[in-house]
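Read-outs throughout are calculated quantities, based only on the coordinates presented, and are distinct from any laboratory measurement. Computed from a predicted model, the values in this text were never measured in an experiment. Here the Cβ is made from the backbone with ideal geometry for all residues, glycine too, and neighbour counts use every protein chain on show.
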Amino acid sequence: MMVKELMEELVKLGDTQVIVGVKPTIGEPFGDTPNLGVLMTNCELLPMAAPGFEPGPPSPESIELARVVDRGIRESELVDLEKLCIEEGKKVWMLFIDLHVIDYDGNLFDASNLAVMAALMNTKLPVAEYIDDEIVLSEDETMDLPIRDKLALSTFVKIGNGLILDPSLEEEEILDARITIGVTDEGNHVCSMQKGGEAPLTRDEILDAVHMAFTTKDDLLSYLD
Amino acid sequence: MFFIISNDKELRVDGRAYDEFRPIKIEAGVLKRADGSAYLEVGGNKILASVYGPRESYIRRLLKPNTGVIRVRYNMAPFSVDDRKRPGPDRRSTEISKIAADALRPALMLESFPRSMVDVSIEVIEAEGGTRCAGITAAAVALADAGIPMKDIVVGCAAGKVNDQVVLDLSEKEDKEGQADVPIAMMPRTGEITLLQADGNLTEEEFEEALDLTMEGCRKISQLQHEALKARYSSE
């Protein structure tokens, strides 16, 4: 069953543009989590976004982007998945989060995460009830998504000996290493992390980046207000 | 005067101390045809790694004129987990393949092999938590066994948070029930980190603790990698 409600958000970070759609549908829960709603994150690096993006099956880069964004949202438990359960073991809300990168000018991770956060915060679901083995959707009553916290994703690149926040395309093209850190607003926890790039990072560089992620999160999240 | 010794062993379901690994076994040179290979067990994980190359590749567009390239395929056998896994690559294995290549590449001196490819295959025969780090550890031994010039032998392990305590080397059960997981890989000679991921909930201090615990753990596993390689070439 498809529900028409769809929340789209466009985020621009410099000239990078990401559109995110959140599409709720009703489906069956996974066997090992019968009382939890389902989150699925997908990403398309559209050929229109950069000359190097090719059509076809998802590239490792797009899968990595989707999975890093997904990991932050999931592990921070900022969506209360228990509240997305309609009837335990039978029907739950499934949220399909689709990332559409339409213009690539660097730092897709942070831009995508902000877009997903904005979309989730604005998503409304029709109130659903389970009556006689059937789902009845309310025509006029809606509920907000149960959002408990906010997540800021901060990406740094190492070029030479420096760490730079929010890399531009030019900076990404010459990066030695990359590190992305997800930090929750209220929980004040590190929830996700991903290193990329060809060069290694030292212990101190990593700890510096983590510390900076905590100090930049307020600034980043202020764009959601 | 007396000391109160904390009973760390109560902490973990399998009775390990917070900084204790599951039993580890590494063997180098287990496959005949491959240029290099290794077999690794840690707890219930059974992992094979193979290396072919440096060699020419028919996928010309992947080759580079100024350096060799490394390609990694991480794959889980359908029978490696409780419910049969659908064969073939999925999103998880695609991501792990990518980051495993990133983790191994910094140690390799591939600039000596322009226009050639090193193919690394990590095959998870049985999985019990922590397969990506174990796979990278095994692949590094296989790369050394293949005789590829390296600055260091990359090694991986993970720390995590279980019952609000940072512990080393999560088992599958701990990973499922735990609060966080931080897999890393490093080059033990310089202490540089070549793979870093994290998921779960950690404070800044807990993350630092986890990072230090994994780095210490990596150094211990590094010894076992060296012993496996020595055993391979001293017995013949």
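Given R0 = 45 Å, the distance between the Cβ atoms of B:Ala231 and A:His211 translates into a calculated FRET efficiency of 0.60. Indicate, rounded to the nearest 5 percent, the antiparallel portion of the DSSP beta bridges found entirely in the protein assembly as shown. If I count the DSSP bridges inside the protein assembly as shown, around 85 percent turn out antiparallel.
Overall form of the protein assembly as shown: prolate. Here a/c, set by the Cα gyration tensor axes a ≥ b ≥ c, is 1.5 or more, and a/b is the larger of a/b and b/c. FRET efficiency for the B:Ser112 to B:Val81 pair, using the beta carbon distance and R₀ = 51 Å, is estimated at 0.85. Close amide H partners of A:Gly106, meaning residues 5 or more places away or on another chain with modelled amide H under 5 Å apart, are A:Leu169.
Per-residue packing, averaged as other Cβ atoms within 10 Å, sorts the ranges B:86-93, A:80-87 into the order A:80-87, B:86-93, beginning with the highest. Here the Karplus curve 6.51 cos²θ - 1.76 cosθ + 1.60, taken at θ = phi - 60°, turns the phi angles of the range A:203-217 into couplings of 4, 5, 4, 5, 5, 4, 4, 4, 4, 5, 4, 5, 7, 8, 5 Hz, with x standing for Gly and Pro. Remark on the range B:14-234: Rg and Dmax equal 16.9, 53 Å (Cα only).
Ordered by the number of other Cβ atoms lying within 10 Å of each residue's own Cβ, fewest first, A:Asp219, B:Asp199 fall into the sequence A:Asp219, B:Asp199.
Just so you know, the averaged projected area of the alpha carbon convex hull for chain A sits at 13.3 nm². Working from Cα positions, state the angle (0 to 90°, nearest 10) between the long axis of helix A:60-75 and the longest principal axis of chain A. Tilt of helix A:60-75: around 60 degrees.
Peptide A:60-73 has a mean of 3 when you count, residue by residue, the C-beta atoms of other protein chains within 10 Å of its C-beta.
So for the pair A:Asn122, B:Arg33, with labels modelled 7 Å out along Cα→Cβ, what separation do we get in nm? For the pair A:Asn122/B:Arg33, the computed spacing is 5.5 nm.
Each of B:Val141, B:Val162 was scored by other Cβ atoms within 10 Å of its Cβ. Listed from fewest to most, they are B:Val162, B:Val141. Counted over the range A:45-132 with a bin width of 10 Å, the fraction of Cα pairs per bin, in whole percents, is 14, 40, 27, 15, 4, 0.
Packing order of peptides B:187-195, B:16-24, B:57-65, B:165-173, highest average first: B:165-173, B:187-195, B:16-24, B:57-65 (average count of other Cβ atoms within 10 Å over each peptide's residues).
The mean sequence separation of alpha-carbon pairs under 8 Å and at least six residues apart, normalised by the residue count of the range A:151-222, gives a relative contact order of 32 percent. Per-residue ellipticity at 222 nm computed for the protein assembly as shown from its helices equals -8500 deg cm²/dmol, with DSSP H segments shorter than 4 residues left out and the rest contributing -39,500 (n - 2.57). Computed from Cα positions, the angle between helix A:108-122 and the longest principal axis of chain A comes to roughly 30 degrees. Placing a label point 7 Å from the Cα of B:Glu205 along the Cα-to-Cβ direction, the residues of the range B:180-197 with a backbone N closer than 18 Å are B:180. Prolate is the label for the range A:151-222. Its Cα gyration tensor axes, ordered a ≥ b ≥ c, give a/c of at least 1.5 and a/b above b/c.
Peptide B:199-209 has a mean shielding of 6, counted as Cβ atoms of other protein chains within 10 Å of each residue's Cβ. Scattering from the C-alpha atoms of the range B:1-124 alone, worked out with Debye: what is log10 I(q)/I(0) at q = 0.15, 0.17, 0.20 1/Å? Log-scaled intensity ratios, in q order: -0.85, -1.00, -1.21.
Summarising the amide proton neighbourhood of A:His189: residues at separation of 5 or more, or on other chains, whose placed amide H is nearer than 5 Å comprise A:Thr184.
Short-range pairs are left out: with C-alpha atoms under 8 Å and at least six residues apart, the relative contact order of chain B is 21 percent. Computed from the C-beta positions of A:Ile174 and B:Lys176 and an R0 of 51 Å, the FRET efficiency is 0.80 to the nearest 0.05.
For the range B:175-187, backbone phi angles converted through the Karplus equation (6.51, -1.76, 1.60; θ = phi - 60°) give residue-by-residue couplings of 5, 5, 8, x, 9, 6, 9, 10, x, 9, 9, 8, 9 Hz, Gly and Pro being listed as x. For B:Lys173, the lysines whose Cα falls under 24 Å of its own Cα, not counting residues fewer than eight places away in the same chain, are B:Lys9, B:Lys25, B:Lys46, B:Lys85, B:Lys161, B:Lys220.
Remark: the range A:79-94, residue by residue, has Karplus-estimated 3J(HN,Hα) of 8, 7, 5, 5, 6, 8, 7, 9, 9, 3, x, 10, 9, 9, 6, 10 Hz, where x stands for each Gly or Pro and the curve is 6.51 cos²θ - 1.76 cosθ + 1.60 at θ = phi - 60°. Restricting the range A:1-70 to GluC sites (Glu not before Pro) that sit in a DSSP loop and have at most 12 other Cβ atoms within 10 Å of their own Cβ leaves nothing. Summarising the amide proton neighbourhood of B:Gly36: residues at separation of 5 or more, or on other chains, whose placed amide H is nearer than 5 Å comprise B:Val51.
Taking every alpha-carbon pair under 8 Å whose residues sit at least 6 apart, the range A:7-144 reaches a relative contact order of 37 percent. A straight line joining the Cα centroids of the range A:18-42 and the range A:203-222 runs 30 Å. Taking the DSSP beta bridges with both ends in the range A:1-125, the antiparallel portion is around 70 percent.
Please identify, among A:Met193, A:Met117, A:Met212, the residue showing maximal mean-square fluctuation in a Gaussian network model of chain A using a 10 angstrom Cα cutoff. In the Gaussian network model the winner is A:Met212. Distance from the alpha carbon centroid of the range B:192-213 to that of the range B:91-150 works out to 22 angstrom.
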